[in-house]
Amino acid sequence: MTLASGQSTVVDSQFVSFAGFHVVKDALETATQLVVTVDGHALRPAVTTFHGRATTVGTPAIDSNLLRDVYVTFDAVGGNGTTSGAQVQNNLPAGSVVLGVTVEPLLAWLWIGGLMVGLGAGLSFLRRRHVEEPTS
């Protein structure tokens with residue numbers, strides 16, 4: 001989806017809002033972070049450029065709870081591309097961004113189910129060690 005600063009939209013019943021850019025620089029890298037909220041939770045997807053290298057690395061932001069996981073990626077920036085690292089799309093208004101938003105329902109329950117299976121298997125092995133075989 002494409003959003004300008006201050007715009008919001010709803011994606012799969014999740015309220016997504018874009019507030020602007022935040023640039024972080026240090027001796028090794030320059031990161032352009034987006035200020036995004038998903039249902040009131042602040043997220044910072046980013047694109048990082050390492051000094052001396054021509055490659056960029058995207059870092060998604062994730063908001064998780066027991067009902068769903070929301071992944072937000074910074075895919076492109078519109079207009080003149082004054083922010084570092086992001087792919088520039090000239091057919092979009094300057095300062096707007098292209099966000100990738102993926103909502104995965106009930107993903108935490110896969111991990112909970114896997115832990116329960118592992119715990120059950122571990123308990124079954126403990127039980128076998130303590131049961132003595134009958135003598136005849």
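Where a number appears in this text, it was derived from the coordinates with a stated rule and is not lab data. Owing to the predicted nature of the structure, the values given are computational and were not obtained by experimental measurement. Here the Cβ is made from the backbone with ideal geometry for all residues, glycine too, and neighbour counts use every protein chain on show.
How large is the Kirkwood hydrodynamic radius of region 2-106, in angstrom, based on all distinct alpha carbon pairs?
So the Kirkwood estimate lands at 14.0 Å.
So what's the angle, to the nearest 10 degrees on a 0 to 90 scale, between helix 108-130 and the longest Cα principal axis of the chain?
Around 20 degrees separate the two axes.
I need two numbers for region 1-41: Rg to one decimal and Dmax as a whole number, Cα atoms only, in Å.
In Å, with Rg to one decimal and Dmax whole: 12.6, 41.
List, in order, the whole-Hz ³J(HN,Hα) value for each residue of region 37-52 obtained from phi through the Karplus relation with A = 6.51, B = -1.76, C = 1.60 and θ = phi - 60°; use x for Gly and Pro.
10, 10, 6, x, 8, 6, 10, 9, x, 9, 10, 10, 10, 8, 4, x
Could you work out the relative contact order of the chain? I mean the mean sequence separation of Cα pairs under 8 Å and 6+ apart, divided by the number of residues, in percent.
Working: 279 pairs, mean separation 24.7, N = 136.
Relative contact order here is 18 percent.
What dipole magnitude, in Debye to the nearest 20, does the chain give about its Cα centre under +1 on Lys/Arg Cβ and -1 on Asp/Glu Cβ?
It comes to approximately 200 debye.
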